[in-house]
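Heads up: the structure comes next, in structure tokens.
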Amino acid sequence: MRVFVTGASGWIGSATTDDLLEAGHQVIGLARSDASATALTTKGATVLRGDLDDLDGLRRGATEADAVVHLANKHDWNDHAATARAERTAVQTLADALVGTDKPFVVASGLALLAEGRACVETDRSPAVGLESMRGGSENLALDYVERGVRTIIARFAPTVHGIGDHGFIAFIAAAARKHGLSGYVGDGSASWAAVHVSDAARMMRLSLDKAPAGTILHAIAEEGVPTREIAEAIGANLDLPVGSITAEQSIERIGEFVGRFYGVDLRASSQLTRDLLDWTPTGPTLVEDIKAGGYPGE
């Protein structure tokens, strides 16, 4: 199978590309820089130069492939509206190119604000609809294309897809801990985050291409919820820093608005339906194991 992967040289995209290639698939990887192109070529992938603003390139990649895995995101921390707009436009462009083909179209999404007071499940529908909503409402937009002959599959990722070399949310938290001399948790630290190792997330993506029917929502979740106090304690032990409670306002001030505002929010999730459907069992290290292994030096 020829798989067009956006974000192919990113954190999750690199692991997904590796997994697909090792399983015998061909990968067409979208690359916006020379460094990304070189990295993909070295792996054995075919390079399509461009980015999410290159709509003609996105159409070409989708048209030439047997499946599309959309992982790229512009991540403009200072302009969330621009990020949402770019995401929605990219998803619509890719989906339009796949209408009537029944090709798999796997779209990355998140878990934020899907459930309150419980772990969210795959049957929970995202409340984000329209351009002004989170991620431009791209999850629901992509699902609308099922009726138009696109095998849309939504892949919701844990707030931390961890591993050695990760520069995501936990890296921001560790950097803030080092800078301020305190590994903090918000309130009593009982808020919990779902987590998954990047290798397990990549394998789930590959399995979805063969096993997930149109309209499926999958959860890349290995641990349903790791208490943020445990995360802070592991970071503190690794960096030899004291551990203590901080306020929600301090969290935003120290870590940054985008990550800091979620640090005290419960982001638990189940993946039981995903495991049953795909026969997927996560086997990678836990989040705390990766932190203790030195995966987040706070630099």
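The helices (runs of 4 or more DSSP H) found entirely in region 181-299 that carry 2 or more residues being touching a residue at least 24 places away in the same chain (Cβ under 8 Å) and under 16 Å from the mean Cα position of the chain (by Cα) are 198-211, 257-260.
Return a yes/no flag: does region 35-47 have any residue that is open to solvent by 60 Å² or more (accessible area, probe 1.4 Å), out of contact with any helix residue (DSSP H, G or I) (no Cβ under 8 Å at 6 or more places or on another chain) and of a type outside the set (Val, Ile, Thr). Yes, region 35-47 has at least one match.
Table: residues versus (1) under 21 Å from Pro285 (Cα atoms); (2) surrounded by 24 or more Cβ atoms within 10 Å (Cβ to Cβ); (3) touching a Pro at 6+ places or on another chain (Cβ under 7 Å).
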site: Ala128; (1), (2), (3): no, no, no
site: Leu141; (1), (2), (3): no, no, no
site: Tyr145; (1), (2), (3): no, no, no
site: Val150; (1), (2), (3): no, yes, no
site: Ala155; (1), (2), (3): yes, yes, no
site: Ala158; (1), (2), (3): yes, yes, no
site: Gly168; (1), (2), (3): yes, no, no
site: Ala175; (1), (2), (3): no, no, no
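Residue count for region 147-157 satisfying the condition of being closer than 22 Å to Gly225 by Cα and either modelled with pLDDT under 95 or part of a helix (DSSP H, G or I) (or both): 0.
Of all residues in region 59-110, those satisfying the criterion of being open to solvent by 10 Å² or more (accessible area, probe 1.4 Å) and charged (D, E, K, R) are Arg59, Arg60, Glu64, Asp66, Lys74, Asp76, Asp79, Arg85, Arg88, Asp96, Asp102, Lys103.
Answer yes or no as to whether Gln250 is at pLDDT 95 or above, among the polar types (S, T, N, Q) and out of contact with any helix residue (DSSP H, G or I) (no Cβ under 9 Å at 6 or more places or on another chain). Considered against the rule, which asks whether it is at pLDDT 95 or above, among the polar types (S, T, N, Q) and out of contact with any helix residue (DSSP H, G or I) (no Cβ under 9 Å at 6 or more places or on another chain), Gln250 comes out as no. At least 2 residues being in contact (Cβ under 8 Å) with a residue 24 or more places away in the chain and acidic (Asp, Glu) is the threshold, and among the helices (runs of 4 or more DSSP H) wholly inside region 1-111 those reaching it are 11-22, 80-98. All of (1) touching a Leu at 6+ places or on another chain (Cβ under 8 Å); (2) within 22 Å of Thr16 (Cα to Cα) hold for Cys120 with one exception: (2). Screening region 245-294 for residues that are open to solvent by 10 Å² or more (accessible area, probe 1.4 Å) and among the small types (Gly, Ala, Ser) and picking the one that is nearest to Gly187 (Cα to Cα) gives Ser245.
The values are calculated or read from the model by the stated rules, or taken from the named source; none is laboratory data. Please read these numbers as outputs of a predicted model, since none were measured by experiment. Here the Cβ is made from the backbone with ideal geometry for all residues, glycine too, and neighbour counts use every protein chain on show. Side chains are part of the model used for accessible areas, which takes the heavy atoms of the whole protein and leaves out ligands, DNA and RNA. Shrake-Rupley method; radii C 1.70, N 1.55, O 1.52, S 1.80 Å.
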